[in-house]
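Right, one structure below, let's go through it.
Rule-based calculations on the coordinates, nothing more; no lab input. The shown structure was predicted, so the numbers you read here are calculated from the model rather than taken from an experiment. With ideal geometry, Cβ positions are generated from the backbone for all residues, glycine too; neighbour counts draw on all protein chains shown.
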Amino acid sequence: MEKFKTLSGVAAPLEIMNIDTDMIIPKQYLKTIARTGLGKGLFSELRYDDDGNDVPDFVLNQPAYKNAKILVAGDNFGCGSSREHAPWALKDFGIRCIISTSFADIFYNNCFKNSVLPIQLPQEDVDKLMDDANRGANAIVSIDLEAQEIRGPDGGVIHFDIDPFRKHCLLNGLDDIGLTLEEADSIDSFEKTASAERPWL
Amino acid sequence: MAGPRTLYDKIWSDHLVREDEDGSALIYIDRHLIHEVTSPQAFEGLRMAGRKVRCPEKTLAVVDHNIPTLDRSQGISDPESALQIETLAKNCADFGVEYFDESDERQGVVHVIGPEQGFTLPGTTIVCGDSHTATHGAFGALAMGIGTSEVEHVLATQTLIGRKEKNMRIVVDGELPDGVGAKDIILSIIGEIGTAGGTGKVIEYAGSAIRSLSMEGRMTVCNMSIEGGARAGMIAPDETTYEYFRGRPRAPQGAEFDSAVEYWKTLCTDDGAEFESEIRLDASKLPPIVTWGTSPENVVSILGQVPDPTKIADEARRRAMQRALAYMDLAPGTNMVDVEIDRAFIGSCTNGRIEDMRAAAAIVAGKKVSDRVNALVVPGSGLVKAQAEAEGLDKIFTTAGFEWREPGCSMCLAMNDDKLKPGERCASTSNRNFEGRQGYRGRTHLVSPAMAAAAAIAGHFVDIRDWN
Ligand code: SF4
């Protein structure tokens, strides 16, 4: 997995609550057997009109935000379907960090497997960053994962929390399958005990 | 762990391979279900790393999400869907995983076939790359939806990295009125707790109304736990549960069944066990429920009205409501019974089982689908379809003007040809009314099978408690 240490870029405001993964990447893009190339489908039903042209009002179509690397969004981001295509699409578009007051569990997990950083913050911090994001292309937001800090365009610093194991994996780009396979002995011995206790499984 | 424990605590601790002091844990997975949409990239990952499937016999694959529900004998015309399905077949063959393909009678929606085969069992940990895996919690299993990277992790290691969630209990006591069922219970619960009310939690459903549900009804309740934000929902196994598994192909048989039941009997929440949060509902007061918006928490009684956003003080909520009403093309104050529909869909992992077919058929018998409505019944599996046909339910539906289809996810997520056209309004027994879920610009109202059947006939929503 790609490492995630720092990120600096434009933050796009998406002030909608309950953005679900169907909205992030609609079903017609789920027929792929690859992990890449989904950026074109990101938010497609908001981003394109019936003829496939850009909807000028949609935030990621506005010149200031076309290269956004950060998304500041409403409550309960990523709810609904478990599709990992959602973080794949965000990443393929170029978004590596999402900031919200809350995330749905499966989406939150899926982000970490793809070197995308979801940051959960209290409402007042999200409001502040939403204001920054609304200022457009000159409002650069920087994230330092090691220090767990977000630096706004005015130099203000917001601290964020993150699970230490997840942080470690992101910083070092660790593949957790490799890590778990190193525990094969514990898994073997669990299987022995379990099949003695529950032989029907 | 000392002291009284919840059902979730027990299953969790019985599956811990390792738990660190900071709470990060490795848990063992007993059963892994896979389907065509969320698995190709996982198998690709295994191939690239030269890894194999650790326990193929604990893995079962089926095609359901993008399969057509019309005649499949000519193959699948959409090249992308066809490639995805071929890829699953090839991956299963290469890695030694059993696969129910489109011509297998056991094929169907992944969450219908797992229990049907006895692959799902009480006290197990079950995962699938699909958020409605929570369905299997109805049997007293810890069942969770996972992403594709986690599918790959489980394939390679038969374990999942995670941390323990919080315990939440929802107690539903009392007797359900006629015409009100499991779907109305769960929609009411989601209306109560909201779509993020269960985030970071595992919900245990308890109470006399839950106990008196059939296994099918319990699956409907647990299925939509994810719509309340919960990672899993579960119900303690009881006689109804044990009986369900007797004689199922993959369930334990004979003496082994009896010793399994002994273990299953220990799977209940101890008296005095603590829940971080608890909600109580009185089943006797529940009406049939309809959703009015684009989030499953947007519920209202069938006798209610479309809500008025100007009465909402919170700005973000008001805007969300305005957006939903614009999308749904509904005016505040409209009576739900006056809302006309264009389509009806009966099926999905929420309501595609035999009991759902029976409930809908009971409403439909001897009537005709409204001229303005196109109505579809999609059985949850080939076995549900065969059972329904043996009972003559297919004839009841087709005589009334419903289409009777092959099993699959169909218009629940509209990855195949079964989809709403822009602007069409649908009474649907599925679980999500998100924007575009059932087709681009399509409008979905979530209801029970009986309510969907009645709406198909009347051409608008009706209160089935006093309708015939
Ligand atoms: S029926 Fe719908 S919710 Fe269930 S697994 Fe299929 S697509 Fe998902």
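Overall, the anisotropy analysis places the range B:35-147 in the oblate class: the square-rooted eigenvalues a ≥ b ≥ c of its C-alpha gyration tensor yield a/c not less than 1.5, with a/b not exceeding b/c.
Three principal axis extents of chain A based on alpha-carbon atoms, in descending order, are 62, 42, 26 Å. Can you tell me how the range B:92-220 classifies by the Cα gyration tensor, rounded, prolate or oblate, using a/c under 1.5 as the rounded cut? It is oblate, given that a/c is not under 1.5 and a/b is not larger than b/c. Cross-link reach is defined here as a Cα-Cα straight distance under 13 Å, omitting same-chain residues fewer than 8 places apart; for A:Lys91 the aspartates and glutamates meeting it are A:Glu2.
If you fit an axis through the alpha-carbon atoms of helix A:123-134 and take the longest principal axis of the Cα set of chain A, what angle between them do you get, 0 to 90°, nearest 10? Approximately 50 degrees, to the nearest 10.
Compared with the alpha-carbon gap, the fully stretched path from B:Ala49 to B:Lys265 is longer by 73.5 nm at 0.36 nm per residue. Its Cα gyration tensor gives chain B an equivalent ellipsoid; the semi-axes, largest first and in whole Å, are 33, 27, 22. Listing B:Arg353, B:Arg358, B:Arg465 from fewest to most neighbouring C-beta atoms within 10 Å gives B:Arg465, B:Arg358, B:Arg353. The alpha carbons of the range A:94-141 give a radius of gyration and a Dmax of 11.8, 33 Å, in that order. Exposure proxy shown here: for B:Trp264, B:Trp467, A:Trp88, the number of other Cβ atoms within 10 Å sets the order, fewest to most, as B:Trp467, B:Trp264, A:Trp88. Put simply, the amide H of B:Val17, placed in the peptide plane, has neighbours under 5 Å in B:Leu26, B:Ile27, B:Tyr28, leaving out anything fewer than 5 places away on its chain.
Amide H to amide H distances under 5 Å link A:Val72 with A:Ala12, A:Leu14, A:Ile99, where only residues 5 or more positions off or on other chains count and H is placed in the peptide plane.
Karplus-derived 3J(HN,Hα) values for the range A:49-65, using 6.51 cos²θ - 1.76 cosθ + 1.60 with θ = phi - 60°, are 8, 4, 8, x, 8, 4, 7, x, 6, 5, 3, 6, 8, 6, x, 5, 10 Hz; glycine and proline are entered as x.
Computed from point charges on the beta carbon alone (+1 for Lys and Arg, -1 for Asp and Glu), the dipole magnitude for the protein assembly as shown about its Cα centre is near 780 Debye.
Prolate is the label for the range B:203-349. Its Cα gyration tensor axes, ordered a ≥ b ≥ c, give a/c of at least 1.5 and a/b above b/c. Each of B:Val299, B:Val109, B:Val180, B:Val37 was scored by other Cβ atoms within 10 Å of its Cβ. Listed from fewest to most, they are B:Val299, B:Val180, B:Val37, B:Val109. Estimated at 0.36 nm per residue, the fully extended path between B:Ala93 and B:Asp417 surpasses their Cα-Cα distance by 113.9 nm.
A crude spin-label estimate for the pair B:Ala365 and B:Asp173, with each label 7 Å from Cα along the Cβ direction, gives 3.6 nm.
When the charge dipole of the range A:6-173 is built from unit charges on Cβ atoms (+1 for Lys and Arg, -1 for Asp and Glu) and taken about the Cα centre, the candidate among A:Ile16, A:Asn109, A:Gln148 whose Cα reaches farthest toward its positive end is A:Asn109.
Simple rule: put +1 on each Lys or Arg Cβ and -1 on each Asp or Glu Cβ in chain B, find the dipole, and look at B:Pro68, B:Pro237, B:Val337; the Cα lying farthest toward the positive end is B:Val337.
When only the Cβ of Lys, Arg, Asp and Glu is charged (+1, +1, -1, -1), the dipole of chain B relative to its Cα centre reaches about 640 debye.
Within the shell of other residues whose beta carbon sits under 10 angstrom from the beta carbon of B:Ile113, the net charge comes to -2, with Lys and Arg scored +1 and Asp and Glu -1.
Under a 5 Å amide H cut-off, with hydrogens placed 1.01 Å from N, B:Ile170 pairs with B:Glu204, B:Tyr205, B:Ala206, B:Ile279 among residues at least 5 apart or on other chains. Computed from the C-beta positions of B:Gln322 and B:Lys164, the FRET efficiency with R₀ = 45 Å rounds to 0.70. Entry note, chain A: the mean residue ellipticity at 222 nm calculated from DSSP H runs of n ≥ 4, each adding -39500 (n - 2.57), is -9000 deg cm²/dmol after division by the residues and rounding to the nearest 500. With the cut-off at under 13 Å, measuring from each backbone N in the range A:109-126 to a point 7 Å along the Cα-to-Cβ line of A:Leu179 picks out A:112-115.
Among the residues of A:172-180, the average count of other protein chain beta-carbon atoms within 10 Å of the residue beta-carbon is 5.
Of the GluC sites (Glu not before Pro) in the range B:1-82, the ones in a loop by DSSP (not H, G, I, E or B) with at most 11 other beta carbons within 10 Å are B:Glu21. Estimated from helices alone, the mean residue ellipticity of chain B at 222 nm is -9500 deg cm²/dmol (sum of -39500 (n - 2.57) over DSSP H runs with n ≥ 4, per residue).
In this simple spin-label approximation, A:Glu124 and B:Glu403 carry label points 7 Å from Cα along the Cα→Cβ vector, and these lie 5.6 nm apart. Translational diffusion of the protein assembly as shown was estimated from the Stokes-Einstein equation, with Rh taken as the Kirkwood radius over Cα pairs; at 20 °C and 1.002 mPa s the coefficient is 85 µm²/s. Taken along the Cα-to-beta-carbon direction at a fixed 7 Å, the label points for B:Gln387 and A:Ser115 span 4.8 nm. Taking every Cα-Cα distance in the range A:1-57 and sorting them into 5 Å bins starting at zero, the pair-distance distribution P(r) comes out as 4, 13, 19, 21, 21, 15, 6, 1 percent.
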